[in-house]
Amino acid sequence: MARNRENSRALYDRALSVMPAGVNSSVRATQPYPTFVRSGDGAHVIDHDGNRYLDYVMGYGPLLLGHDMPESVAAAVQRAASEGPMYGAPTEVEVDLAEFVVRHVPSVEMIRFVNSGTEATVSAVRLARGHTGRNKIVVMQGGYHGAQESTLVEGDAEHPRPSTSGIPQSFAEHTLPVPFNDEEALREVFERHGDDIACVLTEPILGNSGIVMPEEGYHEAIRETCDEYGALYVLDEVITGFRVGGLGCAQGKFGVTPDVTTFGKIVGGGFPVGAIGGRSEIIEQFSPSGDVFQSGTFSGHPVTMAAGLATLEFCAENDVYDHVNALGERLREGLTDIVADRAPEYTVVGTDSMFKVVFGRANTGPQSDCCSAGCRQDPTCERSPDCPKTGADVADGETQRWDRLFRPFMEEQGILLPANQMESQFVSYAHTEADIEETLEAYEAFFS
Ligand SMILES: *Cc1c(COP(=O)(O)O)cnc(C)c1O
């Protein structure tokens, strides 16, 4: 019997009259109408009709610990909120959180907190331009850096164009998109435009394009090329920060040292946040110590800072990363087995606590042993030519089947997934082994 979702439907009906597409962020407008959440409970959410779902959306990334704040986090949040919501003056807790990040992420000597990942990448791009006195930035095709003018650009380095209406072509001309994992394309763009490139802005893992891992040596190649041309290497760790690679972030996992790192999501413990960190001489160029203007009424908000600090301290003192990474691996291995027989053209992707099955079309047989816990983008793997490498590859897959059949099927089974196959899914500290087995059974049921 189908779940009763009448209250979600009625709320969506009301929402459509007063909010565009009924939502405040595009991805939430799922088919045929969104599940309106009333409350969270560990790894689950409960909707307005009383349905309970095992949740892999996890706020689209911030909720590493699940929906329940540990006691220490709840206490810190309540204390901060009860003392007064915010001040417009510095507070101790922002110093504490800054010190925590500086202690755990070696490339970060100084940090400025802002209110979203988008704001962090906007500020990082302005900083790179101010620091170098150059105009252009290199981004990855299929990379995502939030809803900002400089990065909502598609095409290639010679023919960049805005990827949305509302952005002038003349803005897009300063953004040079290149294919991820393509060292030659990177060198080429620097040979042509190197003296006007302020930075390379990339995610360590393309986390918003179905999860694409970097090939071995790719980040080192970016580092070397930036050094050669005097450009900054800006790593967008908004989604990977304090998730992939634990407290040292993805840059620790891959052993690379960016000049500037952007953070968001987990570092605010579930409250709105972003941050720009890096070497002191660069970060100090933000105003008022430097001449790159940067400011924000809510920046370093005491409730967010308290939640972020208590969350990261909880991670430092508990087996959070061991737990989520082990469950992530178990899930990816199980999913690889399931699709091996029944949908060998599909690819299981992800690392640490991120995972996804990308519904591809190229049929070259099941994933090999090297990728049994998620596609590694290993060029020596015989399946490599057909594994999804860009957002376009993911979009060319069976997106309709994913959005219209698979996702609603899983919802009906009581498992909540993000809107489309571009978006990563997340295991939280609240998920259990039993949850993982239940999830694998649901996938199996869809594929049988
Ligand atoms: C989510 C995300 C952003 C945007 O962050 P918002 O808080 O949604 O503005 C930027 N970069 C990456 C890599 C992200 O995953």
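Every residue, every condition in (1) acidic (Asp, Glu); (2) under 30 Å from residue 66 (Cα atoms), yes or no:
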{"position": "191", "(1), (2)": "yes, no"}
{"position": "198", "(1), (2)": "no, no"}
{"position": "203", "(1), (2)": "yes, yes"}
{"position": "252", "(1), (2)": "no, yes"}
{"position": "255", "(1), (2)": "no, yes"}
{"position": "261", "(1), (2)": "no, yes"}
{"position": "266", "(1), (2)": "no, yes"}
{"position": "274", "(1), (2)": "no, yes"}
{"position": "282", "(1), (2)": "no, no"}
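Scanning the range 247-275 for residues that are under 16 Å from residue 309 (Cα atoms) and within 16 Å of the ligand (Cβ to nearest atom) yields a total of 14.
Restricting the range 50-64 to residues that are under 20 Å from residue 422 (Cβ atoms) and in a loop (DSSP other than H, G, I, E, B) leaves a set whose member that is farthest from the ligand (Cβ to nearest atom) is 56.
When you scan the range 45-55, how many residues do you find that are touching a helix residue (DSSP H, G or I) at 6+ places or on another chain (Cβ under 9 Å) and surrounded by 19 or more Cβ atoms within 10 Å (Cβ to Cβ)? Count: 4. Counting the residues of the range 406-434 that are part of a helix (DSSP H, G or I) and in contact with a helix residue (DSSP H, G or I) (Cβ under 8 Å, 6 or more places away or on another chain) gives 4. Remark: pairs (first residue in the range 216-242, more than 16 Å from the ligand (Cβ to nearest atom); second residue open to solvent by 10 Å² or more (accessible area, probe 1.4 Å) and of a type in the set (Ser, Thr, Tyr); Cβ separation under 6 Å; 6+ apart in sequence or on different chains) are absent. A single entry from 120, 74, 81 fulfils the requirement of being within 16 Å of the ligand (Cβ to nearest atom) and either farther than 17 Å from residue 199 by Cα or not in a loop (DSSP other than H, G, I, E, B) (or both): 120.
Among the numbered conditions (1) in contact with a strand residue (DSSP E or B) (Cβ under 9 Å, 6 or more places away or on another chain); (2) surrounded by fewer than 20 Cβ atoms within 10 Å (Cβ to Cβ); (3) among the small types (Gly, Ala, Ser); (4) over 30 Å from residue 114 (Cβ atoms), the only one that residue 384 does not meet is (1). Looking across the range 123-142, the residues that are in contact with a helix residue (DSSP H, G or I) (Cβ under 8 Å, 6 or more places away or on another chain) and either within 12 Å of the ligand (Cβ to nearest atom) or open to solvent by 10 Å² or more (accessible area, probe 1.4 Å) (or both) come down to 131, 134, 135, 136, 141, 142.
Of all residues in the range 56-72, one or more are more than 26 Å from residue 305 (Cβ to Cβ) and either crowded, with 18+ Cβ neighbours inside 10 Å or touching a helix residue (DSSP H, G or I) at 6+ places or on another chain (Cβ under 9 Å) (or both). The residues of the range 214-238 that are open to solvent by 10 Å² or more (accessible area, probe 1.4 Å), in a loop (DSSP other than H, G, I, E, B) and out of contact with any helix residue (DSSP H, G or I) (no Cβ under 6 Å at 6 or more places or on another chain), listed by number, are 214, 215, 216, 217, 230. For the range 94-111, residues that are in contact with a Gly (Cβ under 8 Å, 6 or more places away or on another chain) and either open to solvent by 10 Å² or more (accessible area, probe 1.4 Å) or within 19 Å of residue 257 (Cβ to Cβ) (or both) total 11. Residue count for the range 166-206, restricted to those that are open to solvent by less than 30 Å² (accessible area, probe 1.4 Å) and touching a strand residue (DSSP E or B) at 6+ places or on another chain (Cβ under 7 Å): 20. Residues that are closer than 14 Å to residue 304 by Cβ and part of a loop (DSSP other than H, G, I, E, B) were ranked within the range 108-117; the one that is farthest from the ligand (Cβ to nearest atom) is 115.
Name the residues in the range 319-352 that are open to solvent by 50 Å² or more (accessible area, probe 1.4 Å) and of a type in the set (Lys, Arg), would you? Answer for the range 319-352, where residues must be open to solvent by 50 Å² or more (accessible area, probe 1.4 Å) and of a type in the set (Lys, Arg): 330, 342. Residues of the range 353-376 that are open to solvent by 10 Å² or more (accessible area, probe 1.4 Å) and assigned to a loop (DSSP other than H, G, I, E, B): 360, 361, 362, 363, 364, 365, 366, 367, 368, 372, 373, 376. Remark: residue 275 matches the filter, which requires a residue to be within 23 Å of residue 74 (Cα to Cα), surrounded by 17 or more Cβ atoms within 10 Å (Cβ to Cβ) and touching a strand residue (DSSP E or B) at 6+ places or on another chain (Cβ under 6 Å).
The values are calculated or read from the model by the stated rules, or taken from the named source; none is laboratory data. Worth saying up front: this structure is predicted, and the values here are computed from it rather than measured. Ideal geometry is used to build each Cβ from the backbone, glycine not excepted, and the neighbour counts take in all protein chains shown. Note: areas computed on protein heavy atoms with side chains; ligands, DNA, RNA excluded. Shrake-Rupley method; radii C 1.70, N 1.55, O 1.52, S 1.80 Å.
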